1. For Ala104 and Leu146, FRET efficiency with R0 = 35 Å and r from the beta-carbon atoms, rounded to 0.05?
2. With n ≥ 4 as the cut-off for DSSP H runs, can you work out [θ] at 222 nm for the chain, using -39500 (n - 2.57) per run divided by the number of residues, rounded to the nearest 500?
3. Add +1 for every Lys or Arg and -1 for every Asp or Glu among the other residues with Cβ under 11 Å from the Cβ of Ser33, and state the total.
4. Could you name the lysines whose alpha carbon sits less than 18 Å from that of Lys144, not counting residues in the same chain fewer than 8 places away?
5. At a 1.4 Å probe radius, carbon and sulfur cover how many percent of the accessible area of segment 4-191?
6. Give me the aspartates and glutamates in straight-line cross-link reach of Lys109: C-alpha distance below 18 Å, same-chain residues under 8 apart excluded.
7. Grab the beta carbon distance between Ser189 and Glu51, set R0 = 30 Å, and tell me the FRET efficiency rounded to 0.05.
8. Does segment 4-191 come out rounded, prolate or oblate, given a ≥ b ≥ c as the square roots of the eigenvalues of its C-alpha gyration tensor, rounded meaning a/c under 1.5 and, failing that, prolate meaning a/b above b/c?
Amino acid sequence: MSAAFIMFFGPPGCGKGTQAKKVVEELDLAQISTGELFRKHLGEGTALGQEAQKYMSRGELVPDEITIGMVRERLQEPDAQGGAIFDGFPRTGAQAEALDDLLAEQGHKLCMVIDFTLPIEISRARLLGRQEGRADDNPEVIEKRLRDHAEIEASVMPHYRGQAGLVKEVDANRSIDEIYQDVLVLIKSCLA
Ligand code: AMP
């Protein structure tokens, strides 16, 4: 079985993190979520975590250099050798280009971008409904995250949409299990 590298893309609240977790429980892939990696660094009190927190607390993107360096290291870990799902990365054009380079260095390339489509109203409603957990789920921050997502889409997706057949859309306005069935079929086509 060959290594498969897949990027999950979609608006906040589309459930891509949940889907990524389900996939890596079932298949030999690593989940590379830059948001979770930053939070882990912060929890461990590393210098990188403290630096990242300056940006995260303002709802800004952490600079590319820091983010790309962290992903480079993560990709070298043993569990990523069979492939990985990128969740929340890349978020800039420079990160998208760097990801192509990082994978090429290891003789790999991105197999697929799964675009989890969800109407913005549903995205907003889902985020408003889950305000308990994360400090960044309050109404003002939610509006900012929705705007930011549109910006991220404009910087990242043209890079991928220019590559015929790379982007696969999955309707995220369904149950977790229905979405998961489609996701599994797509990912298995990368592992074949
Ligand atoms: P998330 O959990 O994906 O919403 O990420 C939480 C925060 O981490 C974001 O608001 C950013 O400050 C930072 N972050 C996560 N991923 C990236 C990325 N690819 N590039 C820059 N900053 C990121």
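The values are calculated or read from the model by the stated rules, or taken from the named source; none is laboratory data. Just so it is clear, the structure is predicted and the values come from calculations on it, not from any experiment. Glycine also receives a Cβ, built like all others from the backbone with ideal geometry; neighbour counts cover every protein chain displayed. Protein only, heavy atoms only, side chains kept; ligands, DNA and RNA dropped before computing areas. Shrake-Rupley method; radii C 1.70, N 1.55, O 1.52, S 1.80 Å.
1. Numbers: r = 33 Å, r/R0 = 0.95.
Result of the calculation: an efficiency of 0.60.
2. Values: 8 runs with 106 residues, N = 192.
Taking each H run of at least 4 residues, the total per residue is -17500 deg cm²/dmol.
3. +3
4. Lys54
5. Heavy-atom surface of segment 4-191 belonging to carbon and sulfur, 1.4 Å probe: 51 percent.
6. Once the sequence-local aspartates and glutamates are set aside, what remains near Lys109 is Asp28, Glu73, Glu77, Asp79, Asp87, Glu97, Asp100, Asp101.
7. Efficiency, rounded to the nearest 0.05: 0.20.
8. Verdict is rounded for segment 4-191.
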